[in-house]
Structures are given as C-alpha cells and as structure tokens.
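Undergrad: Attaching a single structure in structure tokens format; questions to follow.
The values are calculated or read from the model by the stated rules, or taken from the named source; none is laboratory data. This one's a predicted model, so the numbers in the text were calculated from it and none came from an experiment. No Cβ is skipped: glycine too gets one built from the backbone with ideal geometry, and neighbour counts run over all protein chains shown. Ligands, DNA and RNA are stripped out before the accessible areas are found, and what is left, the full protein with its side chains, is counted by its heavy atoms. Shrake-Rupley method; radii C 1.70, N 1.55, O 1.52, S 1.80 Å.
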Amino acid sequence: MELKSTFPDLYEENLRKKIEEEGTIMEIPEGEMLMDIGGFIKFVPLVLEGSLRIMREDKEGNELLLYYVRKGETCAMSLTCCMGDARSNVRAIAEEATTIIAIPVRNMDLWTNQYQSWKSFVMHTYQKRFEELLATIDGIAFQRLDDRLEKMLKAKSDTTGSNTLVITHQELATELNSSREVISRILKQMERRGMLKLGRNKIILSK
C-alpha cells in the first residue's frame, strides 16, 4: 500500500499504521456506484488510484456533478455524514477503475482528537470541497452551458490523464442537468472549431 507517498500529509507513523490495520482495500470498477443517496455511510474512502465522481440529485431525478475525488483525496460529504451519523446526501460513482482504502466511520472522531495530521487533512478537505462547490454554483449561475461543458471535459481529462474520454452525450447531459440534444449540438460546434473529435461513445480532446 503506497499510503505514505499518496497521502504525504498524513505524516504521523502511528496514524499510518492505524489506517493500514483498520482500513480495507476495495477495487471499484469504472461506472460502479460506491455510495448512494439516502444510504448510511459505513466508511470514508481514501482514494489510492483512480477517481470518484460525486453527484447530487433533485426530486425529479436530475443529477448534478459536484466534484471529483482524485488520488490522494477523500470525500468531504462522507466525512460530514459519518460524523453526524446521517444518511448520505450524495452519490459516488467510479469515474474510472478506482482503488480505495475504506476507513470505518467509528475511527473518525477518535482520530480527529488523537492525530493532528488527520485533523488538518479533514479541515483541508472541507476547505477544498467548499471552494469547488462555490465554483460549481458560479458555473450554474454565471457561466454559459458551452463553457461549463468545456470545463467539465477538461476536468475529466485531467482526472483520467487521457485526452480520450469514453462517455456518451447523454451521460454528459445528465451531469450538466441538460438534454442530450443540446449537448450534442454544442459538441458538434466544438468539433467544427477544432477543439475535439467525436467518435462512437467517445470524445478525443485536441492537445
């Protein structure tokens, strides 16, 4: 387990030993759901490889992308829910084949009191996710849909480390709370501008 290099901020040796002893390695295939809205959170995921997509859903079933959890990160929403013994208010899906170490929720309060590096890690996670949520709100309120789509495609490319994205127009529409027809039209415009190339269920971004 490459815990030390992946999570360098968790520098306390006793804490790393506890994580290795108490945590469970989990392999999540691409597209599989790790956590669903309304379910109780039994563990906090520390991402060792890959990435998770964190989604919110309204009463009509429309989804909205909140943020990605990448290698060396954890999910602030899971931290919040597990500490309050509340049900999850987000859905977590593997953006790609992902490996996590699942930390039982019973350790959260204890480690926050015992280990300064864990407390700092949790607070930094809250701060980063809050800033990303503000960016999401700003995007919905102030950015045009084509700008939001371009930003999402770049984020997916950065997350996976590849210019080729295996995704459908409907999946993009769902994440942006739009329609497939609108997203397809914008993608065609972007292709004509040389920003990308469209394939069957894939998008190749220009370098």
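Undergrad: Would you kindly identify the helices (runs of 4 or more DSSP H) lying entirely within the range 103-207 that contain at least 2 residues that are closer than 30 Å to Glu13 by Cβ and either without any contact (Cβ under 8 Å) to a residue 60 or more places away in the chain or of a type outside the set (Ser, Thr, Tyr) (or both)?
TA: Where helices (runs of 4 or more DSSP H) fall fully within the range 103-207 and carry at least 2 residues being closer than 30 Å to Glu13 by Cβ and either without any contact (Cβ under 8 Å) to a residue 60 or more places away in the chain or of a type outside the set (Ser, Thr, Tyr) (or both), they are 107-114, 116-142.
Undergrad: Same structure, new question: Hey, among the residues in the range 46-57 that are open to solvent by less than 60 Å² (accessible area, probe 1.4 Å) and of a type outside the set (S, T, N, Q), which one's farthest from the chain's Cα centre (by Cα)?
TA: Going through the qualifying residues, I end up with Leu48.
Undergrad: In addition: Mind listing whichever residues of the range 111-133 are more than 15 Å from the chain's Cα centre (by Cα) and open to solvent by less than 90 Å² (accessible area, probe 1.4 Å)?
TA: Trp111, Thr112, Tyr115, Ser117, Trp118, Ser120, Phe121, Val122
Undergrad: If the Cβ limit is 7 Å and pairs must be 6+ apart or interchain, which residue in the range 22-44 that is farther than 26 Å from Asp109 by Cα and in contact (Cβ under 8 Å) with a residue 60 or more places away in the chain pairs with which residue that is open to solvent by less than 50 Å² (accessible area, probe 1.4 Å) and in a loop (DSSP other than H, G, I, E, B)?
TA: Glu30/Glu96
Undergrad: Looking only at the range 38-97, count how many residues are in a loop (DSSP other than H, G, I, E, B) and among the charged types (D, E, K, R).
TA: Number satisfying all stated conditions: 9.
Undergrad: Listed residues Met108, Met77, Met1; which is open to solvent by less than 10 Å² (accessible area, probe 1.4 Å) and either in contact with a Gly (Cβ under 9 Å, 6 or more places away or on another chain) or modelled with pLDDT under 95 (or both)? It would help to see each step written out before you state the result.
TA: Numbers: Met77 fails: open to solvent by less than 10 Å² (accessible area, probe 1.4 Å); Met1 fails: open to solvent by less than 10 Å² (accessible area, probe 1.4 Å).
None of the other options fit; the residue is Met108.
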